[in-house]
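Data block below; observations after.
What follows draws every value from the coordinates through simple rules; no lab data is involved. Keep in mind the model is a prediction, meaning the values are calculated, not measured. Because the Cβ atoms are built from the backbone with ideal geometry, glycine has one as well, and the counts that use them run over all protein chains shown.
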Ligand code: SAM
């Protein structure tokens, strides 16, 4: 969803109070920033932010952090935030590659991965946000009973992810190849990509995973 060459996107983001600019200095200090001890849920690769903004509006007792790699995409979320500011939501413009530098041990309670880039070439498998390599990063800051919740329309990426879960030593709590015709659809919030795929009649896959830390 890269929107190329949006003039001034970087400058607009640099001047925006909803964006955490020095994200590595926030490691261990997220609760201080939010000013409470509420759980912290993050979305990695949030795009224009429809999903996380709806969650934040509906759940004022949960803190949210949306992470997006591209300024031009993040800008769209910031424009929406200006219209409807949410005290329990911040954004970071960064590559998730460095995510373990931003959150400290036990600082995050839930990770959402929605329609993550598939990186179809084998040699790029480690870049997939559900790879065992990335699960290893999440392991460093997710609370012991924390969950990673992943939705995708991409069957190859989803099947890969199902295999990565045990490979990383994680446990599959549940999964479905057709979320919208399953028991798990209740309470589901659609992302921007999901709305598009559902309108096209594509089934949505979803899995929930956690580690055995007890
Ligand atoms: N989650 C949104 C949705 O479901 O509507 C957007 C999905 S879009 C296909 C994937 C998004 O993830 C893009 O906005 C992309 O820039 C972002 N992204 C991909 N790799 C990323 C990474 N390594 N770090 C941060 N964001 C990333």
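As a proxy for reagent exposure, 137, 151 were ordered by neighbouring Cβ count within 10 angstrom, fewest first; the result is 137, 151. Only helices enter the 222 nm calculation for the chain: every DSSP H run of n ≥ 4 contributes -39,500 (n - 2.57), and dividing by all residues gives -8000 deg cm²/dmol, rounded to 500.
Placing R0 at 22 angstrom, the Cβ-Cβ distance between residue 12 and residue 97 gives a FRET efficiency of 0.40 after rounding to 0.05. What the Cβ-Cβ distance of residue 213 and residue 188 gives, at R0 = 25 Å and to the nearest 0.05, is a FRET efficiency of 0.40. Here the calculated FRET efficiency for residue 79 and residue 21, from their Cβ-Cβ distance with R0 = 22 Å, stands at 0.75, rounded to the nearest 0.05. The mean sequence separation of alpha-carbon pairs under 8 Å and at least six residues apart, normalised by the residue count of the chain, gives a relative contact order of 20 percent.
Dividing the convex hull volume of the alpha carbon atoms of the chain by its residue count gives 127 Å³ per residue. Sorted ascending by nearby beta carbons within 10 Å, beginning with the fewest, 81, 46, 190 become 190, 81, 46. Neighbour counts of other Cβ atoms within 10 Å put 208, 65 in the fewest-to-most order 208, 65.
Contact order, relative form, for region 118-214: 37 percent (alpha carbon pairs under 8 Å, 6 or more residues apart, mean separation divided by residue count).
Under the classification rounded if a/c is under 1.5, otherwise prolate if a/b is larger than b/c and oblate if not, where does region 80-150 fall, given a ≥ b ≥ c as square roots of the Cα gyration tensor eigenvalues? Oblate is the answer for region 80-150, as a/c is 1.5 or above yet b/c matches or exceeds a/b. When both region 142-162 and region 1-66 are represented by their alpha-carbon centers, they are found 21 Å apart.
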